[in-house]
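Before any comments, here is the structure.
The values are calculated or read from the model by the stated rules, or taken from the named source; none is laboratory data. The shown structure was predicted, so the numbers you read here are calculated from the model rather than taken from an experiment. Glycine gets a Cβ as well: all are built from the backbone with ideal geometry, and neighbour counts include every protein chain shown.
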Amino acid sequence: MITRRPAALFAGLIAFAGGALIVALASGSADISFADILAALWGDTSPMTQSLVIDLRLPRALTAFAVGGLLAVAGVLMQVLLRNPLAEPYILGSSGGAAVAALLMMMLGLGSLIVDLAAFGGALAATLLVFSIAHGTGSWTPARLLLTGVVLAAGFSAATTLLLALSPEENLRGMLFWLMGDLSFAFEPARSLWLLIALTAAGCLAARHLNVLARGELQAAIVGLPVVGFRYLVFAAASLATAISVTTVGVIGFVGLVVPHLIRLVSGSDHRIVLPASALAGGSLLVIADTLARTIIAPRQLPVGAITAAIGVPLFLIVMSRNREVRH
């Protein structure tokens, strides 16, 4: 059922995001009351509570929100670019390229800064490689781009398995957590937050172009849209969002696939609504998943990617089954 009240949808999503952030700040090995959270945000509490909320939980929660929003926005853009509802941020092999580069640096025992730089470079290099191969001597098509991405992703997966098999045992736990998403060291949310704000704002301004492109390149060309240049721009934005996300917290699946589907079911296909709503919903979903990862077996932590998969797989199956029932 499609809602005709975008204001109600956004009000609900904003309330949901605020609630998810409050739960994230209150939950953990040491529970904190709502009053203590407000006092910590105002700087009027004990140094221990202040440090726990402001220095540890708040940056992690904001990073989770920013990365979840970026993955959801990248998923929306990829689905428009490839005109495929099953497209998601990692479809062009960016996660595989980042994983191979980052694991290689971890295997060599290099520092976190080098690992982050390697992951970012690997993600962008893999995406450019997919694009250059798919382009060939002529213009690329969504089907060719999608097929090239799937094939190269399989190759990156094999290389990742080989690196894990060759790595020392003491490095395996950190590598596996990175591959499944890890927010344990997410203390600098500013970069991801600003990128999320910028991409969401730019996407809303270009929403009409996205609506036209989603209907097909021929229709976009008929109405005067510069298809080639705009397609490159969408491709670059989605790739940058994915690369920053992978660099910040590792590989986290299903957010960029499930969230745009759910938003389109509720709001329709107008990207003036779909894009910002997906950013809010994706950010909230990852905040909740990270809170569960921290608290289910506290003080131990689970990889947040395992939680998003546990939430995303049944949710996606339910959505697809209901879609099929509606069509019949």
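A few remarks follow.
- Looking across region 258-275, just one residue is touching a Gly at 6+ places or on another chain (Cβ under 6 Å) and closer than 10 Å to residue 79 by Cβ, and that is 260.
- Qualifying residues in region 264-318 (those that are of a type outside the set (A, V, I, L, M), assigned to a loop (DSSP other than H, G, I, E, B) and in contact (Cβ under 8 Å) with a residue 12 or more places away in the chain) - the one nearest to residue 85 (Cα to Cα): 269
- Reported count of residues in region 207-218, each being crowded, with 20+ Cβ neighbours inside 10 Å and either under 22 Å from residue 94 (Cβ atoms) or within 17 Å of the chain's Cα centre (by Cα) (or both), is 2.
- Any hit, region 58-65, residues being closer than 26 Å to residue 262 by Cβ, in a loop (DSSP other than H, G, I, E, B) and either free of Cβ contacts under 8 Å to residues at least 24 places away in the same chain or within 14 Å of the chain's Cα centre (by Cα) (or both): no
- Residue within region 154-164 that is without any contact (Cβ under 8 Å) to a residue 12 or more places away in the chain and either within 25 Å of residue 273 (Cβ to Cβ) or surrounded by 15 or more Cβ atoms within 10 Å (Cβ to Cβ) (or both) present: no
- Yes/no for residue 99 being in contact with a helix residue (DSSP H, G or I) (Cβ under 7 Å, 6 or more places away or on another chain), touching a residue at least 60 places away in the same chain (Cβ under 8 Å), over 30 Å from residue 265 (Cβ atoms) and in a helix (DSSP H, G or I): yes
- Which listed residue, of 153, 165, 202, 126, is more than 20 Å from the chain's Cα centre (by Cα), in a helix (DSSP H, G or I) and farther than 29 Å from residue 291 by Cβ: 165
- Taking the listed residues 311, 296, the one that is surrounded by fewer than 24 Cβ atoms within 10 Å (Cβ to Cβ), more than 20 Å from the chain's Cα centre (by Cα) and within 20 Å of residue 20 (Cα to Cα) is 296, with no other qualifying.
- If the condition is being in a helix (DSSP H, G or I) and within 15 Å of residue 126 (Cα to Cα), then region 246-263 contributes 246, 247.
Results for (1) at pLDDT 80 or above; (2) touching an Asp or Glu at 6+ places or on another chain (Cβ under 7 Å); (3) under 11 Å from residue 92 (Cβ atoms); (4) of a type in the set (A, V, I, L, M, F, W, C), shown as yes or no for each residue.
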{"site": "129", "(1), (2), (3), (4)": "yes, no, yes, yes"}
{"site": "134", "(1), (2), (3), (4)": "no, no, yes, yes"}
{"site": "137", "(1), (2), (3), (4)": "no, no, no, no"}
{"site": "141", "(1), (2), (3), (4)": "no, no, no, no"}
{"site": "148", "(1), (2), (3), (4)": "yes, no, yes, no"}
{"site": "159", "(1), (2), (3), (4)": "yes, no, no, yes"}
{"site": "165", "(1), (2), (3), (4)": "yes, no, no, yes"}
{"site": "168", "(1), (2), (3), (4)": "yes, no, no, no"}
